[in-house]
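Quick notes on the structure that follows.
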Amino acid sequence: MYTLARELLFKLSPETSHELSIDLIGAGGRMGLNGLFNKAPASLPVKVMGLEFANPVGLAAGLDKNGDAIDGFAQLGFGFVEIGTVTPRPQPGNPKPRLFRLPEAEAIINRMGFNNHGVDHLLQRVQAAKYRGVLGINIGKNFDTPVERAVDDYLICLDKVYANASYVTVNVSSPNTPGLRSLQFGDSLKQLLEALQLRQEDLTQLHGKRVPLAIKIAPDMTDEETVQVANALVETGMDAVIATNTTLGREGVKGLDHADEAGGLSGAPVRDKSTHIVSVLAAELAGRLPIIAVGGITEGKHAAEKIAAGASLVQIYSGFIYKGPALIREAVDAIAGLPKKA
Ligand SMILES: Cc1cc2nc3c(=O)[nH]c(=O)nc-3n(C[C@H](O)[C@H](O)[C@H](O)COP(=O)(O)O)c2cc1C
């Protein structure tokens, strides 16, 4: 079924096909139809960050940036859905074209630049959704907010989404917002995380519920940098780490059409780099903080590899574009087949 849909969708420009897919998945969700087209994955409940997940395979951020198709994605069988990245104010993102398929490598290059309708629109969409499973809301900064004031944007978004999110992801790893990735290092990271943690305490009191904070990091880090991030997350009381975002590297795509486009590379070529980061984090964290692994899952066994490397949950973006919703079931089955951890 998806093979046919993909053939039609891939005839359109990547961005038109993206918009059409969101519309169709959203409409299917509103009519409760999506479950009919895709056999539900096996039930594989897991508890992570104090939250109950229907299964450990989630939708990664960036596909439903505005929360327009939450019910639709949930009905396809994802165990959790992450929407965003959302910024305080709406913004158009980078000029088009800004999204490129590299089908020979099962890869995507994007430089979308946080195009989104702003946090108020997203909240309306969340409130209109019927989905009651785990919903992550991924927050970022507007492109014209100076990076020294990035914390203001994250706090605005955190305040607004807190009551409606199961967990909030702090995205400091998009390569398409100048300066953003500098927030992953040293004092900038500590100051940001401390401010977020303090606000999380206030909001816990205000709303009578503690919403976990996850930090999403890039794959383009040395082991030493990864260890430093892990320690900063523990010291500042963060609840989870999401590894990883897209890579600036071009290993695995050299010579292919679009390989030299600027932006972040995702899909199969980022898989090993991303899993390596998960392993380094797992060794350093030793269970003190759960890891959500994302990057290059295009077959069920890749999801199992991420769990074996130390992740508690996985997410998928590019693999979903290339393989469709059957990949969710395949990933759940592969994870279910792993030997139980002691
Ligand atoms: C077109 C596109 C847009 C993305 N937008 C976001 C985003 O807004 N926020 C974010 O945290 N990650 C974003 N990502 C990164 C994905 O969530 C994911 O971390 C990355 O693509 C690696 O996973 P994959 O290989 O399964 O795609 C985006 C990825 C793609 C391909």
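The values are calculated or read from the model by the stated rules, or taken from the named source; none is laboratory data. Just so we're clear, the structure is a prediction, and the values are computed from it rather than from any experiment. Please note: Cβ atoms are built from the backbone with ideal geometry, for glycine as well, and neighbour counts cover all protein chains shown.
The lone criterion from (1) small (Gly, Ala, Ser); (2) more than 16 Å from the ligand (Cβ to nearest atom); (3) in contact (Cβ under 8 Å) with a residue 24 or more places away in the chain; (4) part of a loop (DSSP other than H, G, I, E, B) left unmet by residue 249 is number (2).
Looking across 232, 311, 293, 304, one residue alone is surrounded by fewer than 24 Cβ atoms within 10 Å (Cβ to Cβ), closer than 28 Å to residue 39 by Cα and in contact with a helix residue (DSSP H, G or I) (Cβ under 8 Å, 6 or more places away or on another chain). It is 304. Residues that are within 30 Å of residue 311 (Cα to Cα), surrounded by 17 or more Cβ atoms within 10 Å (Cβ to Cβ) and not hydroxyl-bearing (Ser, Thr, Tyr) within the stretch 13-35 comprise 18, 22, 25, 26, 29, 34, listed in sequence order.
Of all residues in the stretch 89-118, those satisfying the criterion of being among the polar types (S, T, N, Q), outside any loop (DSSP other than H, G, I, E, B) and touching a Phe, Trp or Tyr at 6+ places or on another chain (Cβ under 9 Å) are 91, 110. For the stretch 27-62, a residue qualifies if it is touching a helix residue (DSSP H, G or I) at 6+ places or on another chain (Cβ under 7 Å) and modelled with pLDDT of 95 or more, and the qualifying residues are 41, 42, 44, 55, 56, 57, 59. Checking each residue in the stretch 21-51 for being assigned to a loop (DSSP other than H, G, I, E, B), closer than 20 Å to residue 68 by Cα and of a type in the set (A, V, I, L, M, F, W, C) picks out 31, 33. Kindly list, by first and then second residue, each pair from a residue in the stretch 111-132 that is farther than 20 Å from residue 153 by Cα to a residue that is assigned to a helix (DSSP H, G or I) and within 16 Å of the ligand (Cβ to nearest atom), limited to pairs with Cβ atoms under 6 Å and residues at least 6 apart or on different chains. So the pair list comes out as 129/70; 131/70. Filtering 67, 58, 72, 62 for residues that are in contact with a strand residue (DSSP E or B) (Cβ under 8 Å, 6 or more places away or on another chain), among the small types (Gly, Ala, Ser) and outside any loop (DSSP other than H, G, I, E, B) leaves a single hit, 58.
In the condition set (1) under 23 Å from residue 209 (Cβ atoms); (2) within 15 Å of the ligand (Cβ to nearest atom); (3) among the aromatic types (Phe, Trp, Tyr), residue 131 is compliant with all but (2).
Report those helices (runs of 4 or more DSSP H) wholly inside the stretch 270-342 carrying at least 1 residues which are away from the ligand (no atom under 14 Å from the Cβ) and in contact (Cβ under 8 Å) with a residue 24 or more places away in the chain. Can you show your working first?
Numbers: elements: 271-285, 300-308, 318-323, 326-336.
Here the list reads 271-285, 300-308, 326-336.
Of all residue pairs spaced 6 or more apart or on separate chains, those with beta-carbon atoms under 6 Å, a first member in the stretch 204-226 that is in a helix (DSSP H, G or I) and a second member that is not aromatic (Phe, Trp, Tyr) are 204/210; 207/163; 223/280; 226/277; 226/280. Considering (1) surrounded by 24 or more Cβ atoms within 10 Å (Cβ to Cβ); (2) touching a residue at least 60 places away in the same chain (Cβ under 8 Å); (3) over 20 Å from residue 142 (Cβ atoms); (4) among the polar types (S, T, N, Q), the lone condition that residue 38 does not fulfil carries the number (1). Only one entry in 142, 110 is touching a Leu at 6+ places or on another chain (Cβ under 6 Å), among the polar types (S, T, N, Q) and under 20 Å from residue 176 (Cβ atoms), namely 110. Within the stretch 164-186, restricting attention to residues that are under 30 Å from residue 208 (Cβ atoms) and in a loop (DSSP other than H, G, I, E, B), the residue that is nearest to the ligand (Cβ to nearest atom) is 172.
Answer yes or no as to whether residue 5 is modelled with pLDDT of 95 or more, of a type in the set (A, V, I, L, M) and assigned to a helix (DSSP H, G or I).
Working: modelled with pLDDT of 95 or more: no; of a type in the set (A, V, I, L, M): yes; assigned to a helix (DSSP H, G or I): yes.
No, not satisfied.
Determine which member of the set 73, 78, 100, 114 is among the aromatic types (Phe, Trp, Tyr), within 12 Å of the ligand (Cβ to nearest atom) and within 26 Å of residue 29 (Cα to Cα). Reasoning before the result, please.
Working: 73 fails: within 12 Å of the ligand (Cβ to nearest atom); 78 fails: within 12 Å of the ligand (Cβ to nearest atom); 100 fails: within 26 Å of residue 29 (Cα to Cα).
Within the list 73, 78, 100, 114, the selection yields 114.
Of the numbered criteria (1) out of contact with any Lys or Arg (no Cβ under 7 Å at 6 or more places or on another chain); (2) surrounded by 20 or more Cβ atoms within 10 Å (Cβ to Cβ), the one residue 154 fails is (1). Can you tell me which condition residue 132 does not meet? The list is (1) in a loop (DSSP other than H, G, I, E, B); (2) within 15 Å of residue 88 (Cα to Cα); (3) out of contact with any Leu (no Cβ under 8 Å at 6 or more places or on another chain), and all the others hold. (2) is the only condition that residue 132 fails.
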